Amino acid sequence: MLERPLNNSRAVQMANKAGVKLNSKQIWQLFIFLVTCMLALLFLGPYVYLLLTSFKPSAEAVSSPPTLWPKQFSLENYYGMFKYLPIGKYFLNSLLTATVSMGLSVFIGSLAAYGFSRFSSKVSNIFLLITLGIRMVPMISVAIPMYIIINNMGLIDTPLALIFVYTSINIPFAIWMMIGFFDGIPKEFDEAARVDGCSRLGAFLRIILPVSLPGLATTAIFTFMLAWNDFLFALLLTSTNSKTATVGISEFLTAYNLDLGPMTAAAITFSLPVMIFSFLVQRYIVSGMTLGAVKE
């Protein structure tokens, strides 16, 4: 069967008129580039509007019809978000709970994943499936039991409440993330460390963890973001002292008023640290996501 000539395509005809010769591979690359740009604009559009709105004066931020570009750039909203609410305290609470729960989740999850990787059995495989099933349960279905447990422990409106909840939620995720990385590390590393006098725990801490650093970084980033972006448990388990930024930002919207300007400024301030941090460590994310994908 004869292939249809490429010159019949509209893209090739336009390229020929411009004096440019394109082959099928270049046309496909151009198509992928255009689709990628369209998707990028689709996802970045709302965030760009949020960013520009945060620099508008308060009156312009709620104007109708809304405008994209500010008529006058102003930092009024960034000052206002600290004026109306103790947003700085909320940010510190988010940072504390997300960081501590991330550390505990990665450490405990790594220990469990190492055990599953090195001491595999039918019982451990069943337990591994159970942890996966727990991670797939919708969080809203365990919110009330979590509240009852935390309330009985007397930890309502404390950072420990959120740390315990985030750690228990993120440990199954950390186990499934890390087990693939440990499976990709030869068991000869453990045996060589044991021959040199290390205990099983010493071999894990001194040899295995440094080798699996990209996997640790990837798991740490995702567990941190899961805790940092949580709204459900932060709303349910806190009221005043330990309120996080996600709940604090929602308080700009009330039944009688909408402080859209300060709300957008707080949302931008809340999102920028994670975005910048993710951009700086993106090479660890890429290498970590592919480290345990191929096994020899």
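Tell me, in nm to one decimal, what length is gained between Ile276 and Leu92 on full extension, where the rule is 0.36 nm per residue of separation less the Cα-Cα distance?
On the way: separation 184, 0.36 × 184 = 66.24 nm, distance 1.77 nm.
Working it through step by step, the gained length comes to 64.5 nm.
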Cα-based Rg/(2.2 N^0.38 Å) for region 115-236, rounded to two decimals, is 1.28
Averaged over all viewing directions, the convex hull of the alpha carbons in region 38-191 casts a projected area in nm² of 15.3
Scaled by the rule-of-thumb 2.2 N^0.38 Å, the alpha carbon Rg for region 167-261 gives a ratio of 1.68
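Based on alpha-carbon atoms only, what is the radius of gyration of region 51-113 relative to the globular estimate 2.2 N^0.38 Å?
On the way: Rg = 19.2 Å, N = 63, 2.2 N^0.38 = 10.6 Å.
That ratio works out to 1.80.
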Cα-based Rg then Dmax for the chain, in Å, read 25.4, 77
Whole-percent carbon and sulfur contribution to the accessible surface of region 161-238 (1.4 Å, no ligands, DNA or RNA) stands at 69
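Looking only at chymotrypsin sites (Phe, Trp or Tyr not before Pro) in DSSP loops with at most 15 other Cβ atoms within 10 Å, what is the longest site-free stretch of the chain? Intermediate results must be reported in sequence, preceding the final value.
Numbers: sites that count: Phe73, Phe119, Phe231, Tyr256.
Longest gap between qualifying sites, sites excluded: 120-230.
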Rounded to one decimal in nm, the spacing of the 7 Å Cα→Cβ label points at Thr99 and Gln72 is 3.9
Plugging the Cβ-Cβ distance of Ile126 and Phe31 into 1/(1 + (r/R0)^6) at R0 = 45 Å yields, to the nearest 0.05, a FRET efficiency of 0.45
For region 96-190 the trypsin sites (Lys or Arg not before Pro) that pass both the DSSP coil test and the at-most-13 other-Cβ-within-10 Å test are Lys187
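So if R0 is 41 Å, what FRET efficiency would Arg135 and Ala192 give, r being the distance between their Cβ atoms, rounded to the nearest 0.05? Mind dumping the intermediate values first?
Numbers: r = 34 Å, r/R0 = 0.82.
Calculated value: 0.75.
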Other residues with Cβ under 15 Å from the Cβ of Ala266 give, with Lys and Arg +1 and Asp and Glu -1, a net charge of +1
FRET efficiency (Asn152, Leu39; Cβ distance; R0 45 Å; to 0.05) is 0.45
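The values are calculated or read from the model by the stated rules, or taken from the named source; none is laboratory data. As the structure is a prediction and not an experimental result, all values here were calculated from the model. Because the Cβ atoms are built from the backbone with ideal geometry, glycine has one as well, and the counts that use them run over all protein chains shown. With ligands, DNA and RNA removed, areas are computed over all heavy atoms of the protein, side chains included. Shrake-Rupley method; radii C 1.70, N 1.55, O 1.52, S 1.80 Å.
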